[in-house]
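Have a look at the structure below, then the notes.
The values are calculated or read from the model by the stated rules, or taken from the named source; none is laboratory data. All figures in this text were calculated on a predicted structure; none of them were measured in a lab. Here Cβ is always computed from backbone atoms with ideal geometry, including for glycine, and neighbour counts include all displayed protein chains. To get the accessible areas, we keep the full protein, side chains included, count just its heavy atoms, and leave off ligands, DNA and RNA. Shrake-Rupley method; radii C 1.70, N 1.55, O 1.52, S 1.80 Å.
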Amino acid sequence: MTKPPPPALARFNPAQPGAAGMKVAATGLLVAMAIVFVVARQFEAAYPWVGYLKSFAEAAMVGGLADWFAVTALFRHPLGLPIPHTAIIPRNKDRIGEALANFLKENFLVATVVARRMRNIDLAGAVGRFLQAPQGEETRIRRGASRLIADLFESLDDERLGGLVKSSIANRIRKMEVSPLLGHALASAINEDRHVPMLEAAIRWTARALDANEGLIRDMVHKRANWVLKLAGLDAKLADAIVDGLRKLTADMHTDPAHPVRIKIEQALADLANDLQTKLETRERVEAMKVELLDNQSVSLWLDTLWQKGREAMIRAARNPDAAMAGKLGEVLQSMGQNLEHDPRMKGAINMFARRAVAGMAASYGSSIVKLVSETVRRWDAQTITDRLETAVGRDLQYIRINGTLVGGLVGLGLHALDAL
């Protein structure tokens, strides 16, 4: 017969096994001491040594009852009586939540504390070992993490999550001024001659477009020529000259890096790179174009498609981590792992970035987390939190009662022995 699965939150509220049995044992021991006390009292006059047994049982009852009262007073009023300073946890639930929140804040969510605790954590080395380990414990951890990531992505509301991702990307782009970045990228490309292949590709595309639209050019020349040129048949010669001139221009630009038109294009690109970084008018125009693009429905659909493809790719990779770690991608990830683990400069830079990022998150969101903890505990039902705490530590609480009974009995026995001397 299949065992039913545990409740969804059972792992967050683990009940100690055997708590009910220990409660019966503690109560049974107290009852046994009471019986021993009653019996010993009947035979004490006839058998003086029974006085030791009576003293043990009497003190054991006192100790057991005192610890029963103490344990019960933590969670409720003993016997339902409103005795002062009982039902401590239900009455102080909000104060416990505040204390827990302050403990988290002072020990875990202060930027300086987080930075100090992360100083000895080699996050880059751990990630490097994780990426390059082909087998062993890291592989088992990677597979478990992969399944968790896949389940998480599949369980989340795709529409809401996709909307959140898209809005996050769009908002970040809106807040970021892209004009200086574009200008810097273009300037770097020109300085390193990385624009040359793109320029030559544009020239080749222009030549192919000219060949594909030769008929259109000739038709335009024929329509725009006056009747004298048409009568003399010069319109066709003019069209030939234009087409041949454009072909020669593209061919010369492709073969001659120092062609004047090509130099003018490169100069125009350099001016554009400079204007994107320094000229206010150009930067404002680019920012306006950026906003128009982000508001365009086609861009929104493109972001939708990008999100869906990325999500599906992540789920496929997570479902089959061995395949994701194989091939070229696996080689790249393993190479990254080796660099992360053995390159001290890269490792130091990444660990410093991680420390600053986590410390920044603690500084920015620490108060919000503390507030969330305290408000969550405040919203909990007093009976619910009492039952959960009592269930979680129930076995240990009953051991306290048993120990109190036995220790009390030993103390009573010792006192009786001293009195008999």
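A few comments on the model shown:
- Looking only at segment 60-81, residues that are loosely packed, with under 15 Cβ neighbours inside 10 Å and either touching a residue at least 60 places away in the same chain (Cβ under 8 Å) or farther than 22 Å from residue 397 by Cα (or both) come to 1 in all.
- Any hit, segment 224-238, residues being at pLDDT 80 or above and either part of a helix (DSSP H, G or I) or under 30 Å from residue 284 (Cβ atoms) (or both): no
- Residue 73 among the small types (Gly, Ala, Ser), more than 60 Å from the chain's Cα centre (by Cα) and on the phi < 0 side of the Ramachandran plot: no
- Any hit, segment 295-303, residues being modelled with pLDDT of 80 or more, over 30 Å from residue 216 (Cβ atoms) and open to solvent by less than 40 Å² (accessible area, probe 1.4 Å): no
- Considering segment 371-421, the residues that are over 14 Å from residue 96 (Cβ atoms) and of a type in the set (Lys, Arg) include one that is surrounded by the fewest Cβ atoms within 10 Å (Cβ to Cβ), namely 371.
- Any hit, segment 386-403, residues being assigned to a helix (DSSP H, G or I), within 30 Å of residue 44 (Cα to Cα) and either without any contact (Cβ under 8 Å) to a residue 12 or more places away in the chain or not aliphatic (A, V, I, L, M) (or both): yes
- Filtered by the rule that a residue be open to solvent by 60 Å² or more (accessible area, probe 1.4 Å), modelled with pLDDT under 70 and aliphatic (A, V, I, L, M), segment 90-149 gives 141, 148, 149.
- Taken together, the residues in segment 248-272 that are free of Cβ contacts under 8 Å to residues at least 60 places away in the same chain and either surrounded by 15 or more Cβ atoms within 10 Å (Cβ to Cβ) or at positive phi (or both) amount to 5.
- Within segment 195-223, the set of residues being of a type outside the set (Asp, Glu), loosely packed, with under 14 Cβ neighbours inside 10 Å and modelled with pLDDT under 80 comprises 213, 215, 216, 220, 223.
- Within segment 42-54, the residues that satisfy the criterion of being under 15 Å from residue 413 (Cα atoms) and surrounded by fewer than 16 Cβ atoms within 10 Å (Cβ to Cβ) are 48, 49.
- Each residue in segment 273-282 was checked for being under 19 Å from residue 188 (Cα atoms) and either open to solvent by 60 Å² or more (accessible area, probe 1.4 Å) or among the acidic types (Asp, Glu) (or both), and 5 pass.
- Only residues that are under 17 Å from residue 386 (Cα atoms), hydrophobic (A, V, I, L, M, F, W, C) and not in a helix (DSSP H, G or I) were counted across segment 38-97, and they come to 1.
- Against the numbered list (1) surrounded by 16 or more Cβ atoms within 10 Å (Cβ to Cβ); (2) more than 30 Å from residue 22 (Cβ to Cβ), residue 368 comes up short only at (1).
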